[in-house]
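The values are calculated or read from the model by the stated rules, or taken from the named source; none is laboratory data. From a predicted model like this one, the values you see are computed outputs, not experimental measurements. In case anyone asks, the SASA skips ligands and DNA or RNA and just uses the protein heavy atoms, side chains included. Shrake-Rupley method; radii C 1.70, N 1.55, O 1.52, S 1.80 Å.
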Amino acid sequence: LPPLFYLPLPFSSPLAGDITQKGYEKKRSKLIGAFLPQAPGMDPSVPHERRTPVTPGSSSRYHRRRSSGSRDERYRSDVHTEAVQAALAKQKERGKMAVPMPSKRRSLVVQSSMDAYTPPGEEHIGLQGNVIANWISRAIHGSTTSSTTSSSSTQSGGSGAASRLADVMGQTHLGKSGLRAGGSNSNRLPSPCLSSRPENHSAPPDVTSYTTDSIQVERPQGSTTTSRSTPKYGNAELMETGDGVPVGGRVSAKIQQLVNTLKRPKRPPLREFFVDDFEELLEVQQPDPNQPKAEGAQMLAMRGEQLGVVTNWPLSLEAALQRWGTISPKAPCLTTMDTNGKPLYILTYGKLWTRSIKVAYNILHKLGSKQEPMLRPGDRVALVFPNNDPAAFMVAFYGCLLAEVVPVPIEVPLTRKDAGSQQIGFLLGSCGVTVALTSDACHKGLPKSPTGEIPQFKGWPKLLWFVTESKHLSKPPRDWFPHIKDANNETAYIEYKTCKDGSVLGVTVMRIALLTHCQALTQSCGYTEAETIVNVLDFKKDVGLWHGILTSVMNMMHVISIPYSLMKVNPLSWIQKVCQYKAKVACVKSRDMHWALVAHRDQRDINLSSLRMLVVADGANPWSVSSCDAFLNVFQSKGLKPEVICPCASSPEALTVAIRRPTDDSNQPPGRGVLSMQGLSHGVIRVDSEEKLSVLTLQDVGTVMPGALMCVVKPDVVPQLCKTDEIGELCVGSIATGTSYYGLSGMTKNTFEVFPMNSVGALISEYPFTRTGLLGFVGPGGLCFIAGKMDGLMVVGGRRHNADDIVATALAVEPMKFVYRGRIAVFSISVLHDERIVVVAEQRPDSTEEDSFQWMSRVLQAIDGIHQVGVYCLALVPSNTLPKTPLGGIHLSESKQLFLEGSLHPCNVLMCPHTCVTNLPKPRQKQPEIGPASVMVGNLVSGKRIAQASGRDLGQMEDNDQFLFLSEVLQWRAQTTPDHVLYTLLNCRGTIASSLTCVQLHKRAEKIATMLAERGHLQDGDHVALVYPPGIDLIAAFYGCLYAGCVPITVRPPHPQNIATTLPTVKMIVEVSRSACMMTTAVICKLLRSKEASAAVDVRSWPPVLDTDDLPKKKPPLLYKPSNPDTLAYLDFSVSTTGMLAGVKMSHTATSAFCRSIKLQCELYPSREVAICLDPYCGLGFVLWCLCSVYSGHQSILIPPSELEVNPALWLLAVSQYKVRDTFCSYSVMELCTKGLGLQTESLKSRGLDLSRVRTCVVVAEERPRIALTQSFSKLFKDLGLHPRAVSTSFGCRVNLAVCLQGTSGPDPTTVYVDMRALRHDRVRLVERGSPHSLPLMESGKILPGVRIIIANPETKGPLGDSHLGEIWVCSGHNASGYFTVYGDEALQSDHFTSRLSFGDTQTIWARTGYLGFLRRTELTDASGERHDALYVVGALDEAMELRGMRYHPIDIETSVIRTHKSITECAVFTWTNLLVVVVELDGSEQEALDLVPLVTNVVLEEHYLIVGVVVVVDIGVIPINSRGEKQRMHLRDGFLADQLDPIYVAYNM
């Protein structure tokens, strides 16, 4: 034999050696090394006498026995198991690396193994804090006495006791701070421990194993190992993160662990790229120059032996049936078994013949009418028979052949939603099936509607169900006889086949092919008349049908059929039947052999010497070889001859491809190939030489079938012959194959009409070949070897891997007791232009989190070590939840579908995108900046104008414009129009709660000024905090302050239901603004003095609080007359989206200019009414609520947004009722209306709601316009008369509270589409709507009068050209005059408020908004006849994330994430030490939480070329939002790192 093949090794020989290619980098092995449990006797910290001895022999025998209940042992291979263990050991030697274990909310964890760590001597705990400390350090360092698991969990770097401990400490820490710890620490440490050391709650001990002790120094023999230091408490274990920010908590420890893990170099440098339509270059896997290449000669087609023509062979299968049915009617044809293994029924050839005739007659003549029969010859008929009734199936099948209709055997649909049953329905529909033949019992068992009819199954055509039992049929007349022809080219039957994607195809087999195939099987298997054959296979298709139903009848054989249900009860049943009937042949799968091995110990008297042939139907599966060997080892002593085992290879398209012949010569051993997996992944055959571990042992499946030609072609599109040492797809040229996929001519051509070519392009035969779907090669002596299936092929990074091989490796990872052996699915999904491997296994209910996680991490290592391929996602699902095929296997395509839809509901997920995804674009290198002058010249040369724009001039003064101060305007209005109503406040019922005329406001303001002077003893210029609910008191108090010469600061009052979190913000603003006193209502006064308040803040340090509900009666002696218009009018405090509290100073000049600008833009004058539904505490909201009416004299209808929570229609009803033309709202209000009124538009219409008068509806915002929300709002209320062009947005920021605002005149807001990828590179590239990666941006309203805008480069401060992305700078009379801070941040101040351009116009003083955007000159003209300049805001510089050298805006990633799954209601992203963290709010059951992890990771990879580091799934409402409805991502980040989110699940992606 050539060196490729060897005789079977005795299985005990140990395999050792290096797992990897010599040049293979020690890439990912380090990732997960820490999870290997140490062999007993390795751990120095565990005293010997305490360890319970577990002898390897006893335990493994125990597990082998235990596994008898599990299904499908296709992949059992001791050699492979040893290889995997060696690979894992190898990984371990390379150095440990801890993987952060995902954290899961307790409700998701059924039980945890924390119980093992009970502290010794609980009764002392209250007295001695140090007992706890010692116990903790002991638990962490693995010297606990209570269980043997400690040795493995110490090694697991934060996954065992230690991390549970960190959880406990983290949660006690949580419980203290008043956040909801959700009772989660109730079953952990006994409570006295909490009280014993209160000072230790600053941070849990650092339990990750990347600290000092992971560096193991080899010490000379005999020296003792130094004891590890116990963890330090207090602040000592605050950990420095990558940003140099100290932080406590287990989350940050895990993240740091993840960062350290990911810092390891991952991949070789790749040279070339392919261009993905733009400058984002995705790396393309370059072929490794050292990879093995095929070197053999071109193969020749192999010809099978001549198909011998035996004289008495029948001319068709029906002729054979007629012959045996009439010559020997008493001969047994089929014996069926019940579930006890007793013969249930014997069908003789006579009965089969007469009953088949009866069925044929009835289906042709008794369906439909005489004139219009339902079935004619050639029509297709479904055969629906259960697996335990082969006799009824056989009668129906031959009945169809005799009637010349085409049987389509399918599975019994169990439920209406059966996995894959819909696809079968499509097949029946496309075959035009209208009749289904079935048995009585099956018909009774089908699901029925209340009227007793069988419902139409999903996707199925309408069927007539016809029962074929003899008693239901009419007898054919004497003169009726079926027409028996010679086998011809008509279709005999259609066998269904499920494809990789789950679609079901029908393979048509002609009568001549059917007959020729039976003849070829008869010849190669040496079948003779009246032989007995035991069949365990499914008789409806494939090998079971060909041997047990068709070839058996041709040779008058007796089939003993063993149903699957009997095998489940008694796995030995088939062996018992072989003995009992002295059967010559048995047809089985490896599974049946394995089950017999597990169960055979109970049997004494087994004798298999009668067997001359054991057909192994799935012998083509490479992993069947171990079952065959093991079976032979055990049963050789029971009379089994080695040459009897005959593996065969088959496929639905090519029928039997090859079969090993039963030889009498036992000296010729079967062929074996021990191939290198590394070679196979490159498609070449290499005998394994050095890497003893990653090998695949193949057995031959015999030689080509009689009368057939076989060749091996490259699996690509062009069928070119392979070389002799190359793996390819086997193709068969023979009469005995299928002829087409029914009704699919294109696919048929590619599969059944293949013309293989040699290297020069010449055809090797004029007859077509059929692709078998099997991958393999033809070895010496014409022996065929199969290495895998095309369907299981996964091409990752240019290398080919077979799903079965990966399953085998996963199953070889011991201990197997956490998952079910037969329930592992491996498939690939396409993410970012490559296939990614996903492994899903069913977890046993009794396994703990740590066990499963440990097993998962070892599987990852094993697959990496053996196949050198990364697993993208490994998921464990609860037992019995993967979709099943009718015979109990895993329905792969359905499982993949569920995974991609996010409805697999795993209970554990480990994603490894960092290790698998190696084709990301190169990180962007920032180019050196071009000098300012060259930019100038460049713009001039290219004809680009500098991006600048301005609103119209402020124009002439009007009567009230001569006043420089608002207080003067109010006094003037109180004199000239005393009874004109300025403000109307609505309550939640839509009725007027209160209103103010000019004179009422003036008088109240006077009284408040008196109060400030008398009770508050304030000087002019003192600061006063106004803590009021949205309403009229706030307005009066503001003008009262102006009258008294004080500086007002509006502050949102604390929320009575949430004092703990809202009151500290109030306190902070009061302190930072240096308020000398506070004014508020009596209710809030009481709230500030309440018990809850004193728990939240120090109440004694409040400044004096004045209650304005109790005003003095007398008038002030004299109102304050401000003299200098540049003095402070008010302070505006706001929390920015980045969580910064910033107060800006507004002078009297700026305030008046602001009001004037708005008056001009919105054309406001006394006869107008404006509805305002905004928070009145800062920015434009405050100005519209308190200032504009006084300045312009229009009436403001005030609607507090909080009232909308009670009555969502309040705002729109008010707009309609008061016939308002202009209204202002916030995004939160718009969202409330869209979500809350979505289904009520009809009822609102009937209540007379009419929005047709609305001219402008402006959303007041400080962010990029939310197009999706404004559009859905417009669409939703279009029916109520809202004009879509009315809805627009404004834009403001801290330095200028309103830069843009869509006014009454001027063009409609425009929308452009920009390329999101260009945006990341700080460039604007306009694209068409709907093009890939396009992002819609809406103009943020018109630039206000008196405002100038320029776009500047934030780094160089140089001006930019039109349509270039840069920072928006603004120059305007209403710019704020600076930040108001306690700490004089002068540098920041001057940079933000008084910046100058570095070249060009260097004189003008600009304020920097901190937002990125661009200006674009449009084709539209504005009111002045000029071309209109549109401003597009992209996002805040502070919020933008720098990742891989590119700038990402969180909102873009969040939009992608929210789209991925219906249960994601909200999402926020932030970065932490260069890791992208995605937080999603889950609206659904906690079981769905883990479905989101892969989906989120996929979409961010696909659309943004980023790898998500951490996915956090939280409850609805956890992502904090400010009053403007903006996400507070930095607060969220702080909460996450401080462990305050109580997440449902946290996944750390590797």
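If I compute solvent accessible area with a 1.4 Å probe over the protein chains, what percent of it on the range 1427-1466 is carbon and sulfur?
51 percent
Heavy atoms only, probe 1.4 Å: what % of the accessible area of the range 334-385 goes to carbon and sulfur, would you let me know?
52 percent
Leaving out ligands, DNA and RNA, what percent of the accessible area of the range 1190-1309 is carbon and sulfur, probe 1.4 Å?
Roughly 50 percent, rounded to a whole number.
Mind running the shape call on the range 1425-1479? Use the C-alpha gyration tensor, a ≥ b ≥ c as the square roots of the eigenvalues: rounded below 1.5 for a/c, prolate if a/b tops b/c, oblate otherwise.
Cα axes put the range 1425-1479 in the oblate bin.
Kindly report the accessible area of the range 784-853 per residue (heavy atoms of protein chains, probe 1.4 Å, no ligands, DNA or RNA), in Å².
Normalised by residue count, the accessible surface of the range 784-853 is 24 Å².
From the square roots a ≥ b ≥ c of the eigenvalues of the alpha-carbon gyration tensor of the range 296-443, which class results: rounded (a/c under 1.5), prolate (a/b over b/c), or oblate?
rounded
Residues with amide H under 5 Å of LEU334's amide H, sequence separation 5 or more or different chain, H placed in the peptide plane at 1.01 Å from N; which?
Correct list: LEU347, VAL559.
On a C-alpha basis, how far is the centre of the range 1233-1285 from the centre of the range 492-565 in Å? Whole number, if you could?
Here the two parts' Cα centres lie 67 Å apart.
Give me the Å³ per residue figure for the convex hull around the C-alpha atoms of the range 723-795.
132 Å³
Can you list the lysines whose alpha carbon sits under 17 Å from that of LYS330, skipping same-chain ones fewer than 8 residues off?
Filter leaves LYS351.
If contacts are Cα pairs under 8 angstrom and at least 6 residues apart, what is the relative contact order of the range 1336-1452 in percent?
25 percent
Report the extension gain between SER765 and HIS365 in nm, rounded to one decimal, defined as 0.36 nm multiplied by the number of residues separating them, less their alpha carbon distance.
139.4 nm
Which of the lysines could a cross-linker span from LYS926 if the Cα-Cα distance has to be under 25 Å and same-chain partners fewer than 8 positions apart are dropped?
Correct list for LYS926: LYS263, LYS266, LYS944, LYS1357.
5 Å is the cut-off here: which amide hydrogens, built 1.01 Å from N in the peptide plane, fall below it relative to LYS723, excluding neighbours closer than 5 in sequence?
Excluding prolines and chain starts, which carry no amide H, the hits are MET299.
Rounded, prolate or oblate: which fits the range 1160-1217 when a ≥ b ≥ c are the square roots of the eigenvalues of the alpha-carbon gyration tensor, with rounded for a/c under 1.5 and prolate only if a/b beats b/c?
Taking the square roots of the gyration eigenvalues as a ≥ b ≥ c, the range 1160-1217 is oblate.
Given the C-alpha centroids of the range 1020-1086 and the range 1099-1143, what is the distance between them in whole angstrom?
Centre-to-centre (Cα) distance: 7 Å.
Taking 0.36 nm per residue of separation and subtracting the Cα-Cα distance, what length does fully extending GLN456 through LYS293 add?
Working it through step by step, the gained length comes to 53.3 nm.
From largest to smallest, what semi-axes in whole angstrom does the range 1489-1550 give when each is the square root of 5 times an eigenvalue of its alpha carbon gyration tensor?
22, 15, 11
Kindly flag which residue pairs out of LYS1219/LYS1245; LYS497/LYS540; LYS1003/LYS1067 have an alpha-carbon separation exceeding 20 Å in this structure.
Checking Cα-Cα distances, LYS1003/LYS1067 exceed 20 Å.
Of the cross-linked pairs LYS90/LYS293; LYS541/LYS589; LYS444/LYS475, which ones have a Cα-Cα span greater than 21 Å in the structure shown?
Table pairs above 21 Å Cα-Cα are LYS90/LYS293; LYS444/LYS475.
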